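Okay, so here's the structure we're looking at.
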Amino acid sequence: MAEEEVTPTITIDDEVYNYEDLGDEGKYIFSLLSEVQPEMVGLTKRLSVLQAAQKTFVADLKNSLATTEE
């Protein structure tokens, strides 16, 4: 069974657009979005990790301060 080729699409304001139907400028912008979106996902994950680290560091600092005060 041959695999069917999937045409890339983008949804804007609940309207689906096929990549092949876009003009040259639209295709260029589509390619930029294709690069930006995974990067944003990666940065969001990185931010979550940094926020967790920040909470840990604050807790460690509080413990350190409590030990110093005793």
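The values are calculated or read from the model by the stated rules, or taken from the named source; none is laboratory data. This one's a predicted model, so the numbers in the text were calculated from it and none came from an experiment. Quick reminder, even Gly has a Cβ in these numbers, built from the backbone with ideal geometry, and neighbours come from all protein chains shown. These accessible areas exclude ligands, DNA and RNA; they are computed on the full protein's heavy atoms, side chains included. Shrake-Rupley method; radii C 1.70, N 1.55, O 1.52, S 1.80 Å.
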With the requirement that a residue be assigned to a helix (DSSP H, G or I) and either exposed (fewer than 10 other Cβ atoms within 10 Å of the Cβ) or hydroxyl-bearing (Ser, Thr, Tyr) (or both), what does segment 9-31 give you?
Tyr19, Glu20, Asp24, Glu25, Tyr28, Ser31
If the Cβ limit is 8 Å and pairs must be 6+ apart or interchain, which residue in segment 1-26 that is touching a residue at least 24 places away in the same chain (Cβ under 8 Å) pairs with which residue that is part of a loop (DSSP other than H, G, I, E, B)?
none
Restrict the check to segment 18-41 and report whether at least one residue is of a type in the set (Gly, Ala, Ser) and farther than 22 Å from Glu5 by Cβ.
no
Of all residues in segment 56-70, which are surrounded by 10 or more Cβ atoms within 10 Å (Cβ to Cβ) and among the charged types (D, E, K, R)?
Asp60, Lys62
For segment 42-55, what are the residues that are farther than 30 Å from Val6 by Cβ, open to solvent by 70 Å² or more (accessible area, probe 1.4 Å) and hydroxyl-bearing (Ser, Thr, Tyr)?
none
